[in-house]
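A short write-up of the structure that comes next.
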Amino acid sequence: MLRFLLRFLLFVLAVGVMALAVGPLLIDPTPAPGASTGKAVALPNSHFVEVPFPGTDGIALHYLEQPASAGATWPAFVLLHGFTFNAFTWNRMLDSFAEWGRVIAYDQTPYGLSGKPLPGTWDGPNPYSKAAAREQLFALMDRLDVEQAVLVGNSSGGTLALEAALADPQRIRALVLLGPWVHAKRPIFPDWVADLPQVRRLTLLLARYLGGDSPLLDYSYADPTRIDNERRMLTGIHRQMANWDAAWAALLNHSLTDPVEISEHLAEITQPVLVVTGALDQVVPLADSEATAAELPNGSFVSLPGCGHVPQEECPQQVADAVAEWLRGLPREGSSF
């Protein structure tokens, strides 16, 4: 009887291993259909610019722009969205930032209507690395004649803002970070794990889940009933483009090996930084955002009651008021910090 049970357990284990090895390979790898370029499905306020990137013919970036209001004295504000979101996450705040300076919000690759390069189409560095995101940000600023900017980043866009300020501090005048992804941890795997075909299929499945119904949108609101149909359409606008799922999978796959280490360098970032958190943020705990502000040499901290992880969408007026009060206390263009 014991021998039978042992054989049965070994059989179950073998079946389980085979399922783990073979199961992911059954996921259909055919990329999603749709428009071949963002311009084909662009909205009236959409703009596009081609930025250079090594090993490619260039990457098309989609962006929104609002000119500075009369009397505005600050340099441009470049707005950086978070994970699975896009430039339209800022559409309710373009006017408020324009009171201070020119405003540019863009879709980071491969989100929104920006380019979605697939593995095998580039011959050089991976366009989905954190270093590539910085390079594409500065390339966008160059193409749009932005010599110096205030970076405004939400979630992982806040991480990008901090890394850009560290990489080229002369070009970044100040930072506004909304629920920045700084102290949150995620597992990092060796390259050989990420390169397994089973893992690549699983990241494709995850990409389709995250991008198919945009589940993080509801999770990022303190009150999801505030999300209207237009907001859902704008958040999911990437689904109108071909290959969006395969491109998101390429990003997710590379992120498995690309650690977030900006928390180790906060003391080196000397620009003025406003850290804003929604008091009901379920993604980045309030305590993490407060710790980030405390570790920055020139950090300030504001908590917004009743708001979640994307206060620029859910509580735009509260964000605008907090930013305006903070900016009034800082030197204007041409002044030293």
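The values are calculated or read from the model by the stated rules, or taken from the named source; none is laboratory data. These figures come from a predicted structure and were not determined experimentally. Virtual Cβ from ideal backbone geometry, glycine too; neighbours counted across all protein chains shown.
Do the conditions hold for N126, that is, is it over 14 Å from Y106 (Cα atoms) and modelled with pLDDT of 95 or more?
Working: over 14 Å from Y106 (Cα atoms): yes; modelled with pLDDT of 95 or more: yes.
Yes.
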query = Of all residues in the range 243-280, how many are closer than 17 Å to Y209 by Cα, assigned to a helix (DSSP H, G or I) and either of a type in the set (D, E, K, R) or touching a Pro at 6+ places or on another chain (Cβ under 8 Å) (or both)?
reply = 7
ask   = Which of the residues that make up the range 148-175 are out of contact with any strand residue (DSSP E or B) (no Cβ under 8 Å at 6 or more places or on another chain) and assigned to a loop (DSSP other than H, G, I, E, B)?
value = D168
query = Right, H238: crowded, with 23+ Cβ neighbours inside 10 Å, in contact (Cβ under 8 Å) with a residue 60 or more places away in the chain, out of contact with any His (no Cβ under 6 Å at 6 or more places or on another chain) and not aliphatic (A, V, I, L, M) or not?
reply = yes
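Residues are listed down the side, and each one gets a yes or a no for (1) among the polar types (S, T, N, Q); (2) in contact with a Leu (Cβ under 7 Å, 6 or more places away or on another chain); (3) at pLDDT 95 or above; (4) within 30 Å of P197 (Cα to Cα):
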site: D258; (1), (2), (3), (4): no, no, no, yes
site: E261; (1), (2), (3), (4): no, no, no, yes
site: H265; (1), (2), (3), (4): no, yes, yes, no
site: E268; (1), (2), (3), (4): no, yes, yes, no
site: Q271; (1), (2), (3), (4): yes, yes, yes, no
site: V276; (1), (2), (3), (4): no, yes, yes, no
site: V284; (1), (2), (3), (4): no, no, yes, no
site: A291; (1), (2), (3), (4): no, no, yes, no
site: E295; (1), (2), (3), (4): no, yes, yes, no
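When you scan the range 74-81, do you find a residue that is surrounded by fewer than 16 Cβ atoms within 10 Å (Cβ to Cβ) and over 17 Å from the mean Cα position of the chain (by Cα), even just one? Outline the logic, then answer.
If we filter the range 74-81 for residues that are surrounded by fewer than 16 Cβ atoms within 10 Å (Cβ to Cβ), which is where we start, we get none.
No - not one qualifying residue is present in the range 74-81.
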Pairs with Cβ under 6 Å, 6+ apart, first in the range 38-61 and β-branched (V, I, T), second in a helix (DSSP H, G or I) and surrounded by 12 or more Cβ atoms within 10 Å (Cβ to Cβ) = V41/Q240; V49/R143; V51/Q136; V51/A139; V51/L140; V51/R143
request  = Please verify whether the range 98-106 includes one or more residues that are under 23 Å from R231 (Cβ atoms) and of a type in the set (K, R).
outcome  = no
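Among the residues of the range 65-86, which ones are closer than 21 Å to Q318 by Cβ and outside any loop (DSSP other than H, G, I, E, B)? Let's see the steps before the verdict.
In the first step, residues of the range 65-86 are kept if they are closer than 21 Å to Q318 by Cβ; the result is 66, 69, 74, 77, 79-82, 85.
Within the range 65-86, Q66, F77, L79, L80 meet the criteria.
Output the residue which, of all residues in the range 176-224 that are assigned to a loop (DSSP other than H, G, I, E, B) and aliphatic (A, V, I, L, M), is nearest to the chain's Cα centre (by Cα).
Looking only at the range 176-224, we keep the residues that are assigned to a loop (DSSP other than H, G, I, E, B), and these are 179-190, 195-196, 213-214, 220-223.
Going one step further and asking which of them are aliphatic (A, V, I, L, M), we end up with 182, 184, 188, 196, 222.
Numbers: V182: 13, A184: 14, I188: 18, L196: 25, A222: 19 Å.
By that ranking, first place goes to V182.
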